[in-house]
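Novice: The structure follows.
Just so it is clear, none of the values below were taken in a lab; they were calculated from the coordinates. None of the values given here were measured: they were computed from a predicted structure. FYI the Cβ positions are ideal-geometry reconstructions off the backbone, even for glycines, and counts take in every protein chain you see.
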């Protein structure tokens, strides 16, 4: 029973264009939603988060949108750069110290 | 630089031979986590320590154990590794408390191969 799903395993985008990554969740009790980025041979690193009381959070080229009625989260990267090529995981946090991760989306930004 | 360190980066063991993976942190965080990640899947939480309090996930097999002798170190013991235990094992830390998004800081992982 997956609480967090990333339905697109991969995404290819041209440098300078927008990358849109999607994530769906099942439990309306999650209070924070996070995105992590992972390069090969490295651990995931935190990218951006959003509280359940907001619908948008922006940090430079990265914007996360939250649609609570649809239980849907998205990450926009604009403009995409070759260094953004990585695997992106969404994660959800309920009360307590645990995160539940989605399966990841591999992004390839072509020069 | 404050960080999360995992040793070894690559571990090969034989079927049924006990193996220990180690994790250390210089962040002085209260919480340490162990995740198992199989290829193209989500990292799956095995257990975590909040200070000395051990929290096991309900579906973590008994074959997996953990020790946290002090704030800085945490170990993952696999008592009798099976072929299905081959995976990347990720250690993470966080400050703890129930405020904010509880950012977790990950080590680079240990890739376990079971022959």
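Novice: From the list B:108, B:69, which one is part of a loop (DSSP other than H, G, I, E, B), surrounded by fewer than 20 Cβ atoms within 10 Å (Cβ to Cβ) and without any contact (Cβ under 8 Å) to a residue 40 or more places away in the chain? Before the answer, list the steps.
Specialist: Details: B:108 fails: without any contact (Cβ under 8 Å) to a residue 40 or more places away in the chain.
None of the others qualify; the one that does is B:69.
Novice: Restricting attention to the stretch B:55-66, which residues are within 14 Å of chain A (Cβ to nearest Cβ), in contact with a strand residue (DSSP E or B) (Cβ under 7 Å, 6 or more places away or on another chain) and either more than 30 Å from residue A:52 (Cβ to Cβ) or not in a strand (DSSP E or B) (or both)? Lay out the reasoning, then the answer.
Specialist: Step one: of the stretch B:55-66, the residues within 14 Å of chain A (Cβ to nearest Cβ) are B:55-60.
Remaining after also requiring in contact with a strand residue (DSSP E or B) (Cβ under 7 Å, 6 or more places away or on another chain): B:55-57, B:60.
Within the stretch B:55-66, B:57, B:60 meet the criteria.
Table: residues versus (1) more than 14 Å from chain A (Cβ to nearest Cβ); (2) over 12 Å from the mean Cα position of the chain (by Cα).
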{"position": "B:70", "(1), (2)": "yes, yes"}
{"position": "B:83", "(1), (2)": "yes, yes"}
{"position": "B:90", "(1), (2)": "no, no"}
{"position": "B:96", "(1), (2)": "no, yes"}
{"position": "B:104", "(1), (2)": "no, yes"}
{"position": "B:108", "(1), (2)": "no, no"}
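Novice: Still on this structure: If I ask for residues that are closer than 19 Å to residue B:103 by Cα and out of contact with any strand residue (DSSP E or B) (no Cβ under 9 Å at 6 or more places or on another chain), which ones from the stretch A:61-95 would you list?
Specialist: Within the stretch A:61-95, A:95 is the sole residue that qualifies.
Novice: On the phi > 0 side of the Ramachandran plot and within 8 Å of chain B (Cβ to nearest Cβ) - does that describe any residue in the stretch A:79-96?
Specialist: Yes - at least one qualifying residue is present in the stretch A:79-96.
Novice: Follow-up. Of the residues that make up the stretch B:39-50, is at least one within 13 Å of chain A (Cβ to nearest Cβ), free of Cβ contacts under 8 Å to residues at least 12 places away in the same chain and farther than 22 Å from residue A:101 by Cα?
Specialist: No, because not a single residue in the stretch B:39-50 is within 13 Å of chain A (Cβ to nearest Cβ), free of Cβ contacts under 8 Å to residues at least 12 places away in the same chain and farther than 22 Å from residue A:101 by Cα.
Novice: Is there a residue in the stretch A:55-71 that is more than 11 Å from chain B (Cβ to nearest Cβ), surrounded by 13 or more Cβ atoms within 10 Å (Cβ to Cβ) and in contact (Cβ under 8 Å) with a residue 40 or more places away in the chain?
Specialist: yes
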